[in-house]
Amino acid sequence: MSNHRLLHGFHAVAARIRHDARSVREVYVEASRRDRRMQDFIKMAESAGLKIVPVDVKRLDGIVGHGRHQGVAASADEVPLTHSLDDLLDTLSEPPLLLILDGITDPHNLGACLRAADGAGAHAVVAPKDRACGLNATAAKVASGAAESVPYITVTNLARTLRELQERGVRIIGTADNADTSIHGIDLSGPVALVLGAEGEGMRRLTRDTCDQLVSIPMAGAVESLNVSVASAVCLYEAVRQRGLAGTRQPKNYSEE
């Protein structure tokens, strides 16, 4: 079971089929659902040569473990998007833009962070192995396909990884509510890794101490901080703005039911 995982939701399953149809073992669809979206999905899966297994909604709930599957699930092999962070960096022809997540244990937050990273064109999302929720089915569902397009790289020692990035010329920019400098007041046009910690706790001390600079997101209202996925999007898109990349890609429609 360790070499494959369950995907659910139209976006997550369709993204895997487009990315690597051969890695999909079986596709489960709710037998009673016959609307146009389901018909289009089945047609795409069948054209990829995949086995379609119609099941009733109760069995599909049991397969997925809950009812938030939109009538679609799939069993698929694990497909690493990249072997290592070094391998990824060696292939880039532009300054790297990385999102580092320190202590994110909620798969909904991870999925939303991956979605923000995909939209901003980040090259990878990096997290520690021992303090992260992992890329499970819930995270992939929330990511709406981004789990298949953005490398999610877990590392044994995050602080050491940050130091290795610094040796490669990547600036490590950490976020902290009490930082004096605003995210809008620093140069993000070069090689950058943006580090965000978990809500409440923030970054671990060693992670914080390893950063080249700490920045904050200006808050004008009564709320003291943003959800980590929203904060990730704010920081990533500030880097996109400074790099002049905004508007260079065709917009994607990630609307859910």
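The values are calculated or read from the model by the stated rules, or taken from the named source; none is laboratory data. Just so you know, these numbers come straight off a predicted model, no measurement behind them. Positions of Cβ are generated from backbone atoms using ideal geometry, with glycine treated the same way; all protein chains shown enter the neighbour counts. Areas reflect the complete protein model, heavy atoms only, side chains present, ligands, DNA and RNA absent. Shrake-Rupley method; radii C 1.70, N 1.55, O 1.52, S 1.80 Å.
Tell me whether the stretch 16-60 comes out rounded, prolate or oblate; compute the Cα gyration tensor, take square roots of the eigenvalues as a ≥ b ≥ c, and use a/c under 1.5 as the rounded threshold. Write down the numbers at each step before the final one.
Values: a/c = 2.53, a/b = 1.46, b/c = 1.72.
The shape class here is oblate.
Just for the chain, what percent of DSSP beta bridges are antiparallel, to the closest 5? Provide the component values of the computation, followed by the final result.
Working: 11 of 37 bridges.
Here the antiparallel bridges make up roughly 30 percent for the chain.
Would you mind working out the magnitude of the charge dipole of the stretch 50-164 relative to its Cα centre, with +1 at each Lys and Arg C-beta and -1 at each Asp and Glu C-beta, to the nearest 20 Debye? Present the calculation step by step, with values, prior to reporting the outcome.
Details: 10 positive and 14 negative charges, 99 e Å.
Computed charge dipole of the stretch 50-164: roughly 480 debye.
Mind putting a number on the dipole of the stretch 142-184 about its Cα centre? Charges go on the C-beta only, +1 for Lys and Arg and -1 for Asp and Glu, and I need it in Debye to the nearest 20. Write out the running numbers ahead of the final one.
Working: 4 positive and 5 negative charges, 36 e Å.
The calculated dipole for the stretch 142-184 is roughly 180 debye.
Take the solvent-accessible surface of the protein heavy atoms, probe 1.4 Å, and return the percent of it on the chain that carbon and sulfur atoms account for. Could you put the intermediate results ahead of the total?
On the way: 6080 of 12650 Å².
Carbon and sulfur: 48 percent of the exposed surface of the chain.
Given R₀ = 41 Å, FRET efficiency for Lys43-His108 by Cβ-Cβ distance, to 0.05?
Values: r = 30 Å, r/R0 = 0.74.
Efficiency, rounded to the nearest 0.05: 0.85.
Asp90 versus Ser23, label points 7 Å from Cα toward the beta carbon: distance in nm?
The answer from the label model is 2.1 nm.
Take the chain, compute every pairwise Cα distance, and split them into 5 Å bins from 0; I just need the percent in each bin.
Result returned by the calculation: 1, 6, 13, 17, 17, 15, 11, 9, 6, 4, 1, 0.
Could you point to the residue in Pro107, Val24, Ile63 farthest towards the positive end of the stretch 1-118's charge dipole, with +1 and -1 charges on the Cβ of Lys/Arg and Asp/Glu respectively?
After comparing all options, I get Ile63.
Which one of Gly49, Asn227, Leu88 is farthest out on the positive end of the charge dipole of the chain, using unit charges on Cβ (Lys, Arg +1; Asp, Glu -1) and the Cα centre as origin?
Of the options given, the answer is Gly49.
Compute the acute angle (0 to 90°) between the alpha-carbon long axis of helix 228-243 and the principal axis of greatest extent of the alpha-carbon atoms of the chain; round to the nearest 10°.
Helix 228-243 sits roughly 70 degrees off the main axis of the chain.
So how many Lys-Lys pairs in the chain land under 27 Å Cα to Cα, not counting same-chain pairs under 8 apart? Could the numbers behind the result be given before it?
Working: Lys43/Lys51; Lys43/Lys58; Lys43/Lys141; Lys43/Lys252; Lys51/Lys141; Lys58/Lys141; Lys129/Lys141; Lys141/Lys252.
Eligible lysine pairs with Cα atoms under 27 Å apart amount to 8.
Roughly how many whole Å is it from the C-alpha centroid of the stretch 172-239 to that of the stretch 26-40?
Here the answer is 42 Å between Cα centres.
Quick one: dipole size for the chain, taken about the Cα centre, charges +1 on Lys/Arg Cβ and -1 on Asp/Glu Cβ, in debye to the nearest 20. Mind showing how you got there, number by number?
Values: 29 positive and 32 negative charges, 158 e Å.
That gives a dipole near 760 debye.
Can you tell me which of 35-44, 203-212 comes out highest on packing, and rank the rest after it, using the mean Cβ neighbours within 10 Å?
Values: 35-44: 13.5, 203-212: 17.1.
Most protected by this proxy first, the peptides run 203-212, 35-44.
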